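The values are calculated or read from the model by the stated rules, or taken from the named source; none is laboratory data. None of the values given here were measured: they were computed from a predicted structure. In this analysis, Cβ positions are derived from the backbone assuming ideal geometry, glycine residues included, and neighbour counts consider all displayed protein chains. Heads up: the accessible areas ignore ligands, DNA and RNA and are worked out on the full protein's heavy atoms, side chains in. Shrake-Rupley method; radii C 1.70, N 1.55, O 1.52, S 1.80 Å.
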Amino acid sequence: MESHTYKFRISETFENVRKLSFEEKKESVFDEAKINKLLDKILEFKRMFTEKIHKTNSLVEKIEQITWFNNLDDDSLMSVNDLISSIRDLHSSLLRQYISLNFLRSKGITKEEIKKFKASIDDLKDVAADLDSRFFFLPNITDFQETTKELSLV
């Protein structure tokens, strides 16, 4: 009786292998349409980050220009202070986005774009610190005031 059961299970297993073997011969691992779809999504993701980087870098350039302003009145200084707070809020949001990319970074996906994105986030942080120093910290230092006056005469 056991022999009959063994023979049945061997035949059943053989049929399973046979069917799977046939299906796999018909199915290509290299499904060009699926791979193209995946690559399109990666390119779309890269474009999105390239756009974020461009926007952030453009903002940094505009903010850097403000650091050259002189003789601001109190209303303008208050606006600069508000700007610094907004920059820091934006920096915080972008940094959280960057942290959420740890998985992609560890897999080497869009590695260069993520690296450039981080650099633009760091630049944003630096420019906020520059504004803060330029308008609120350094003006309280006598040597800075004298140097600024000398430079404005040149």
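Rundown of residues vs (1) among the acidic types (Asp, Glu); (2) more than 18 Å from residue 125 (Cβ to Cβ); (3) open to solvent by less than 90 Å² (accessible area, probe 1.4 Å), yes/no style:
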{"site": "23", "(1), (2), (3)": "yes, yes, no"}
{"site": "26", "(1), (2), (3)": "no, yes, no"}
{"site": "42", "(1), (2), (3)": "no, yes, yes"}
{"site": "47", "(1), (2), (3)": "no, yes, no"}
{"site": "52", "(1), (2), (3)": "no, no, yes"}
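Of everything in segment 117-150, what is under 24 Å from residue 93 (Cα atoms) and either of a type in the set (Asp, Glu) or modelled with pLDDT under 75 (or both)? Give them in sequence order.
122, 123, 126, 130, 132
I'm trying to understand the selection: among the residues of segment 60-115, which are under 16 Å from residue 139 (Cβ atoms) and under 25 Å from the mean Cα position of the chain (by Cα)?
84, the sole residue that qualifies.
Yes/no matrix, rows are residues, columns are (1) farther than 23 Å from residue 98 by Cα; (2) at pLDDT 90 or above:
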{"site": "12", "(1), (2)": "yes, yes"}
{"site": "15", "(1), (2)": "yes, yes"}
{"site": "19", "(1), (2)": "yes, yes"}
{"site": "24", "(1), (2)": "yes, no"}
{"site": "46", "(1), (2)": "no, yes"}
{"site": "63", "(1), (2)": "no, yes"}
{"site": "68", "(1), (2)": "yes, no"}
{"site": "71", "(1), (2)": "yes, no"}
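For segment 62-79, which residues satisfy the criterion of being surrounded by 11 or more Cβ atoms within 10 Å (Cβ to Cβ) and within 20 Å of residue 126 (Cα to Cα)?
63, 64, 66, 67, 69, 77, 78, 79
Residue 72 versus (1) in a helix (DSSP H, G or I); (2) closer than 30 Å to residue 147 by Cβ; (3) not small (Gly, Ala, Ser): which is the lone unmet condition?
Result: residue 72 fails condition (1) only.
Could we say that residue 103 is part of a helix (DSSP H, G or I) and either of a type outside the set (Val, Ile, Thr) or touching a Ser or Thr at 6+ places or on another chain (Cβ under 9 Å) (or both) here? Spell out the reasoning first.
On the way: part of a helix (DSSP H, G or I): yes; either of a type outside the set (Val, Ile, Thr) or touching a Ser or Thr at 6+ places or on another chain (Cβ under 9 Å) (or both): yes.
Against the criterion (part of a helix (DSSP H, G or I) and either of a type outside the set (Val, Ile, Thr) or touching a Ser or Thr at 6+ places or on another chain (Cβ under 9 Å) (or both)), residue 103 qualifies.
Select from segment 116-135 the residues that are open to solvent by less than 70 Å² (accessible area, probe 1.4 Å) and out of contact with any helix residue (DSSP H, G or I) (no Cβ under 7 Å at 6 or more places or on another chain) and list them in ascending order.
The answer is 119, 122, 129, 133, 134.
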